[in-house]
Structure formats: structure tokens, C-alpha cells
Amino acid sequence: MTDIDRGRKTLRAGACLTAAPLTLIAPLALVAAFVLVAPLSGLQENEPAAPDTVVGTEFPPGVETLDGLVAVVGDTAILLSDLQITLYQLQGAGARVPPEDSELWKSFADDVLEAMIDDLIFLQEARNAGVTVPEDRVTQIADNIFAERRAGFSSDEEMMLAVEETGMNMLQFRQMIRSQAHAEGMRQAYRFQLEQRSDLPPVIVSEEEVEAAFAEFARNQPPRPALVSFNRVVVTPSPSGAARDSVLARTLRVQNDFANEEEFSVLARRHSDDDGTREQGGELGWMSRDLLVKPFGDAAWQARPGQTVGPVQTQFGLHFIKIERQRGAERFLRHILLRPEINEEDIEEARTLAVQVADSLRAGADPERLVALFRGQVADEAIRFDDVPLGSLVSQFTGAGAESGLTAPTPGTVYGPLPMQRGGPTEFGLVHVLTFRPEGPIQIGDVRDQIRQSLRIRKQIDIILQEVRSNTYIDVRFRGG
């Protein structure tokens, strides 16, 4: 989904804050303002430290402390130091924070505080809903935050010195980032839960709202890349002769071992040709369907947890798939890969067939009928692709430089056969270009649907948030200016 939040509109629910429980006696330390500090979408939250982190029991000497109470939300206090830190973090992230002695500062600070209150309510609701975040997800978010901060420095030493200027060491800084990541993961997971609800309140998004949001979104956007819509057919080489007989015999041996009720992980170590998963008993881990090639994903999602399916043919070979368990839209999978031996003659036969298929496409044949006609020799996967960046299309093929013509495609033209390397034997792709749009400014038509959906969800979640807010004790005591 396209992110259309910019400027002060980002200061709404879903942004992170630093809030102190009312039972906390010591005031928060005021962290110095510099680029390392997280933007509002990822500030420190008072989450328990992860087991592999160390919590400092004292604030660094010489750091100014502010303990004025600016708001109470439920049983949680927001301190003046929290608000000040958030303003510093916004400034460090590039926001135009008015000078503190200006007339605009009070209004800006009021908006930030309201966003912090909404954010705290949002986080409290996530906890009440029992939202949890897997440790690997927290680690992933924390790594992303750290990488973003590191990108602002020319060396690790420069970053370390900047961190130390705030009164923290690198261990404390990483602990802060992990805390931010946990809070951010909670918000993301809860927002996803809300978006999946079937009882979201009905809202109307006008075309005027879409146009205003697009104008804000497009203000700082880079040029839209060249886009191409196309049909693609991929011819995959098949084993012949002794190689085909060999893989069929291996398939029967695996099936016989399953009949003897041997463990899937044991059979994977014995039979699988997948070097990356064999020693782990064929473990692929938690996978979503869109990460898998179509035949594999179709087979895995047609089965129930606990079942084993196969053999399933993909461009990599034959697979036996074990669906161990399921959580939401993901499944924990294992597989056994039997990779047939493909020789140069098999690859040349595939190239010859690809030339024939290309000629049929140029003669106007329906690509779906061609895929059905050559089933087993043509990859079972999506055919039609719309508005794909041209660079992404060209990168699929080896040797698809200017000489192929694909770098400046002409609508109606069939390109190929173009060799492809996707982890298995060499395949051959045929591309029938339908439309081509050269690079240019982003247009509202490129993102209208995404913007409308984003605005709709934002409105729906805002209604839910306001309902919760009306039933939450809130005491705002901020008197800035």
C-alpha cells in the first residue's frame, strides 16, 4: 500500500512515543537532539528489555532532566521530557520544528502531544487485544532502524562518537532501538488485525480527498520509472531418457519410505537434493504463499496442516511437501527436492520449443492456450503482468541487453527466447509486450486506488481510535508557549 502520510499528518495514531508509568519515580533523561534519534514512527517505548540487553539503572551524568507532567492517559504519564525528546527526534528526522520561542511552537507541540496520546492509546489497545510480536520480527525491525541510523554516518566510529555525545553507549543505544522495534511491531500487528476486521465502520472517501492526498504524496516523489505490461511464458527443460527414469525411480523410493511411516525430516536428509535445507530435515520455515513458485504454493495451500503432498513439479524439480502448522497467512513447511539431471541436449530442446512458442505468440495465439497445450514443458505460473518497472522485467533474463530490444520495448512485439536463471536449469522466457510507458512524473492514475484504500483505512481506524479515546481517562496539562 502506498504511504501517503507526510509532514505533520504523520503525527497520528500508529506513531511511537516515550511515556512513563505513573508509578515511575525517576524522571526521564532528556536525550540530545541529533540525527540518530528515531522519528515519531519509531521512538522509545517503555517495554521490558529483551533477555540479551542490559538496562541502565542510572541516567548518564550531566544530562538535563525535565519532569513536568504534560498529560495522563489511563494509568500512564507523559512527561515534558517525553514531549521534548519527541520534538527533537522529529527535528533530527528532517521535520520543520518551529523554534521554541516562536508563536508556532505551541501549536506544533500541541499537535505532537495529541499524536503521542493517540499513539499510547493505540499501543494500550494492542496489549489489551493480546497482540504479541515474535522475537525474529522485533530483530528484523530493530536491524532496519539501526541500518537507517548508520546510513547517516561515514563510519562506525563516527556513529559511536555521536551516540556517546547523547550520554549513551552503543549497548544502551541498541537496547533503545530494540525497545522501539518492539513497540513498532505491536502497532503494526494490531493495525493489521484492525484492517482484517469485517465490521469496520463504513466511510466515504471523496475524489477531492484523493486528489489532495496525491498532491501531498507527489510533492517529493522521484520520477516514475518506465512501466511495462506484458504476457510472459517460460519454457522449462525436462529430463529425457535415463535421467527421467532415474528421477521417477527415486520418486517411488520416497513414496515407499512414506508408506513405511518414516519421519519426513529423516527422509529429507536421506533423499533431498536441496543443499540449503537437507541437513535441517528439509525445513523451509514459515512461508507466505506469495514467496513460493505457483505450483509449490498451490499444493501447500490446498493441504491441511499435518499433511504431506507430492510429487509436485516446479522448475527446480519434483517436491514432496510437509505442511507442519499454520499461523495466519503463513505455513511452516518442509520439503524434499528431487532434482533431475538436465543435460545440454535437454536445454537445447527447450530452446527449440521456445522458438516455436514464440512464433505462435507472434501469430496471435492465446498464451493461456499455449501453456495448456505444452503443460509439463511450460512453467505453471502467472502469465499476465501489469505496470511492472522495466528494469525489473529486464533483470529476469541473462543477456537481455540492448541487443535484445527489451530495454526499449515496442507494444505488440514478442521478445525471446531469452535465457533465465532462477535456481534451476536454464529456462527460456518469451515476453509479449502489451503496453509501455516511458519514465516520467508520477500521475494520480498510478496510485489512485492505493491512495483511496489508504485513506479509507485511516478513516476507519481513526473512528475506532476516537471511540476508544472517548472511554479513556485523559488529562492534558500541557501549557507550552
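Here is a yes/no grid of residues against (1) farther than 30 Å from Gly412 by Cβ; (2) touching a residue at least 24 places away in the same chain (Cβ under 8 Å); (3) open to solvent by 60 Å² or more (accessible area, probe 1.4 Å):
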residue	(1), (2), (3)
Val293	no, yes, no
Gly297	yes, no, no
Gly328	yes, no, yes
Arg339	yes, yes, yes
Glu345	yes, yes, yes
Glu348	no, no, yes
Legend entry - Pair list, Cβ under 6 Å, 6 or more apart: the range 214-229 residue at pLDDT 90 or above, other residue among the hydrophobic types (A, V, I, L, M, F, W, C) and assigned to a helix (DSSP H, G or I): Phe214/Ile444; Phe214/Ile451; Ala226/Leu390; Val228/Leu390; Val228/Leu393
Inset, instruction - Filter the range 424-446 for residues that are outside any loop (DSSP other than H, G, I, E, B), surrounded by 16 or more Cβ atoms within 10 Å (Cβ to Cβ) and among the β-branched types (Val, Ile, Thr) and give the result. - result: Val431, Val433
Inset, instruction - Scan (1) closer than 19 Å to Phe320 by Cα; (2) modelled with pLDDT under 85; (3) open to solvent by less than 80 Å² (accessible area, probe 1.4 Å); (4) not basic (Lys, Arg) for the single condition Asn260 breaks and write down its number. - result: (3)
Inset, instruction - For the range 461-481, state whether one or more residues are open to solvent by 70 Å² or more (accessible area, probe 1.4 Å), closer than 18 Å to Val210 by Cβ and not hydroxyl-bearing (Ser, Thr, Tyr). - result: no
Legend entry - Residue that is farthest from Gly328 (Cα to Cα) [pool: residues in the range 274-291 that are out of contact with any Ser or Thr (no Cβ under 6 Å at 6 or more places or on another chain) and open to solvent by less than 40 Å² (accessible area, probe 1.4 Å)]: Asp274
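Would it be correct to say that Ala249 is small (Gly, Ala, Ser) and either assigned to a strand (DSSP E or B) or touching a residue at least 60 places away in the same chain (Cβ under 8 Å) (or both)? Reasoning before the result, please.
On the way: small (Gly, Ala, Ser): yes; either assigned to a strand (DSSP E or B) or touching a residue at least 60 places away in the same chain (Cβ under 8 Å) (or both): no.
Spelling it out, it is not the case that Ala249 is small (Gly, Ala, Ser) and either assigned to a strand (DSSP E or B) or touching a residue at least 60 places away in the same chain (Cβ under 8 Å) (or both).
Counting only residues that are open to solvent by less than 30 Å² (accessible area, probe 1.4 Å) and modelled with pLDDT of 90 or more, how many does the range 141-157 have? If you could, list the steps in order and put the result at the bottom.
First pass over the range 141-157, keeping only residues open to solvent by less than 30 Å² (accessible area, probe 1.4 Å): 141-142, 145, 149, 153.
Add one more test, that the residue is modelled with pLDDT of 90 or more, and what stays is 141-142.
Summing the residues that are open to solvent by less than 30 Å² (accessible area, probe 1.4 Å) and modelled with pLDDT of 90 or more in the range 141-157 gives 2.
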Legend entry - Matching residues in the range 218-229 - criterion: being out of contact with any helix residue (DSSP H, G or I) (no Cβ under 7 Å at 6 or more places or on another chain) and outside any strand (DSSP E or B): Ala218, Arg219, Asn220, Gln221, Pro222, Pro223
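Is the range 450-457 home to any residue that is among the hydroxyl-bearing types (Ser, Thr, Tyr) and in contact (Cβ under 8 Å) with a residue 60 or more places away in the chain? Walk me through how you get there before you give the answer.
To start, the set of residues in the range 450-457 that are among the hydroxyl-bearing types (Ser, Thr, Tyr) comprises 454.
After this cut, where a residue has to be in contact (Cβ under 8 Å) with a residue 60 or more places away in the chain as well, the list is 454.
Yes.
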Inset, instruction - Identify, by number, the condition in (1) aromatic (Phe, Trp, Tyr); (2) in a helix (DSSP H, G or I); (3) in contact with a Leu (Cβ under 9 Å, 6 or more places away or on another chain) that Phe192 doesn't meet. - result: (3)
Inset, instruction - Taking the options Gln356, Gln307, name whichever one is of a type in the set (S, T, N, Q) and under 24 Å from Leu252 (Cβ atoms). - result: Gln307
Legend entry - Those residues of the range 397-423 which are under 24 Å from Glu344 (Cβ atoms), open to solvent by less than 20 Å² (accessible area, probe 1.4 Å) and either in contact (Cβ under 8 Å) with a residue 60 or more places away in the chain or not in a strand (DSSP E or B) (or both), in sequence order: Phe397, Ala400, Met420
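The values are calculated or read from the model by the stated rules, or taken from the named source; none is laboratory data. Since we're looking at a predicted model, the values are computed, not measured. We place every Cβ from the backbone using ideal geometry, glycine too, and count neighbours over all the protein chains shown. Protein only, heavy atoms only, side chains kept; ligands, DNA and RNA dropped before computing areas. Shrake-Rupley method; radii C 1.70, N 1.55, O 1.52, S 1.80 Å.
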